[in-house]
1. Let me test this: with uniform point scatterers at the alpha carbons of segment 142-185, what is the Debye-based log₁₀ I(q)/I(0) at q = 0.14, 0.15, 0.16 1/Å?
2. In the calculated pair distance distribution of segment 49-95, what percentage of Cα-Cα distances lie above 14 Å?
3. Quick one: Debye curve from the C-alpha atoms of segment 201-270, no solvent, what's log10 I(q)/I(0) at q = 0.21 Å⁻¹?
4. Give me the extension gain from ILE153 to LYS177: residue separation times 0.36 nm, minus the current Cα-Cα distance, reported in nm with one decimal.
5. Quick one: accessible area per residue over the chain, 1.4 Å probe, rounded to a whole number of Å²?
6. Could you run the Debye sum over the Cα atoms of segment 26-177, one equal point scatterer each and no solvent, and tell me log10 of I(q)/I(0) at q = 0.11, 0.15, 0.18, 0.21 Å⁻¹, two decimals?
7. State, to one decimal in nm², a quarter of the convex hull surface area for the C-alpha atoms of segment 164-249, i.e. the direction-averaged projected area.
8. Rounded to the nearest percent, how much of the accessible area of the chain (1.4 Å probe, protein heavy atoms only) is carbon and sulfur?
Amino acid sequence: MQFITLNNDVKMPIIGLGTYSLTGKSGQSAMSEAIEVGYRLFDSAQMYHNQAELGAAIANAIKGGMKREDFFIQTKLLSANSEDAAKKSIEKSLKALNLDTIDSLLIHEPYAQSKAIYKAMESFYKQGILKSIGISNFGMRAYTEFVESCEIIPAINQCETHLLMQQKPLKEAMKSKKTLLQSWSPFIAGKGSILENPTLKSIAQNYNKTPAQVVLRFLIEQGIAVIPKTSKKHRMQENFNIFDFALNSQDKEILSGLDTNKSSFSWTNY
Ligand SMILES: NC(=O)c1ccc[n+]([C@@H]2O[C@H](COP(=O)([O-])OP(=O)(O)OC[C@H]3O[C@@H](n4cnc5c(N)ncnc54)[C@H](OP(=O)(O)O)[C@@H]3O)[C@@H](O)[C@H]2O)c1
């Protein structure tokens, strides 16, 4: 497992499990299987209605001998009308997760009340309840404007990032503040058959790796953290098994050239 150091010196696994749509008993079992495979970072959200399942999977692992510090738990806040409402919302997430601390808390997307929400997050961060704080889906303009008002610079900006949308300008804009780009939907959520792309397939063959492994390896080699989602244990293993090879510069250049800098999702606003 490879770790990346955030701008506040907290260490974070470079790969974690995305948990969108992992809910109920099957969702919790998938999270427990991911722990068996070796995943330690889990990305959840209030919006996913699965914080209780994640909390239960972690509690079971702790009962089995693991430690809370072994895990990096990330979740995301929905909008709130005021700083006070955001504080209550953070407390609700802590309760749902059944945890005293959260390793990374993000604002799920730019909301009209983002600044008030972030003030609540800064306050919990200073108390040590949140180990790092950040944002999600803040494009270059939204990011640049937002950081102006932050006392604590966001550690992470979680955004759509994959071969067709590599977020090069945003990454560049975040460089000086050391805000880390974390990729959501590295496989474009299974839409559009990116894993069937012939260029990607032929590169993967040369390394005796799968297209999914090459996508994830390409992203982490650009210093981008990844949170691929799967409910299947064999794919959890496949997606995790990316630390025993490196892409050569020619292949990196070819993959970099697939970037269209266009979102594959209608609701985003980068
Ligand atoms: N901040 C945000 O607004 C935001 C938005 C979207 C997502 N996210 C986060 O990012 C995570 C990942 O994004 P995502 O869930 O949208 O999509 P994704 O990780 O790009 O792709 C998931 C899809 O790929 C399949 N898959 C996974 N591994 C595979 C492999 N090795 N080979 C072939 N297919 C594979 C999965 O199917 P199976 O499950 O059947 O294996 C699923 O259909 C989410 O779960 C969530 O935590 C955040």
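The values are calculated or read from the model by the stated rules, or taken from the named source; none is laboratory data. No experiment lies behind these values; they were computed from the predicted model shown. Note that each Cβ is placed from the backbone with ideal geometry, even for glycine, and that neighbours are counted across all protein chains shown. Surface areas here come from the heavy atoms of the whole protein model, side chains and all, with no ligands, DNA or RNA. Shrake-Rupley method; radii C 1.70, N 1.55, O 1.52, S 1.80 Å.
1. So the normalised log intensities work out to -0.31, -0.35, -0.40.
2. Values: 611 of 1081 pairs.
Tail fraction, whole percent: 57.
3. -1.00
4. Numbers: separation 24, 0.36 × 24 = 8.64 nm, distance 0.70 nm.
Length gained, ILE153 through LYS177: 7.9 nm.
5. Working: 12280 Å² over 270 residues.
In whole numbers, the chain has 45 Å² accessible per residue.
6. -0.44, -0.80, -1.08, -1.30
7. Working: hull surface 24.6 nm².
Mean projected area of the Cα convex hull: 6.1 nm².
8. Details: 5960 of 12280 Å².
Using a 1.4 Å probe with all protein chains present, the chain comes out at 49 percent carbon and sulfur.
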